[in-house]
Amino acid sequence: MAWARKRVAVLGSISADEFDGLLSWLNDRDDCEILTDDFADIENVDAVFLCVSRPQQTFGSSLEDFRRKNPLAWIVQIFGPWCVGEARTGPTPEGIVRMAWYQWAYRLPWLLESDANLSPTFAPQEEVFAFLASIETTPKRGTVGIVAKTFDDYDYLRSACESLGFTTNWVTSPLNDPPEKPTALLGIAAGTESADFTPISDVFKRVDGIPKILCLGTPTWEDWDRAKSCGISAILGQPFQLSDVAQLLKPAADCGILPLVNPSANR
């Protein structure tokens, strides 16, 4: 059974640009009571989201004190673009769910709404299996147009989409008058400064009203800025989880970061 109204604490660099939209998204949810107090004052919460904008930003002994007071609470670290990789932030402490600043929009909804009753100390594999068990994988769920320069890149995304019940088309040129509008568009490039991004942008600009997802190697804040022009719905980093693709391809997927990226890119 899904949680009832949840007490959720949001701490750390809440005012940083990369976390803009998170608090308002949470406040708009009827099933959440949001707290922004200091660690020492927080008790009896269901989850805490730690926003980390700079390397070596830690919560030290406060985190351990919080664990003792809230042993069953989820602890989620959301790290910014300056904190990619353990070389910058150090190893993630055990029992903490870690996600990037561009991932919370499609990972937190399921975490808050899940009826899987996972323990806060679950293994990542348990989360993936629980998510996949909750989605439909029936055939003919729709067609995903994949914009990719090479067959290997196309095949990389094709296998993910088809395992979820979607058919795929390899799109290699702009869709002037497509015979059938795809359910979603999914483009893959090394980054928005690479030559691979130009044809993706051209295709994305010609189709409205569907999810447009950009898959990049290591997304940066600059990638967000450049991608605004083609009306993307979300950025998918690599490597990704199959559950990420499933969430983003839902017809009514809730991408909380969308207002930050491109308010006009409504689905």
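Observations
- Peptide ranges 10-23, 62-75, 99-112 listed from the most packed, as the mean C-beta count within 10 angstrom indicates: 99-112, 10-23, 62-75
- Magnitude of the charge dipole for the stretch 20-59, about its Cα centre and with charges confined to Cβ atoms of Lys, Arg (+1) and Asp, Glu (-1), is about 340 debye.
Since every read-out is calculated from the coordinates, none of them should be taken as a lab result. These numbers were taken from a predicted model, which means no experiment stands behind them. Ideal geometry is used to build each Cβ from the backbone, glycine not excepted, and the neighbour counts take in all protein chains shown.
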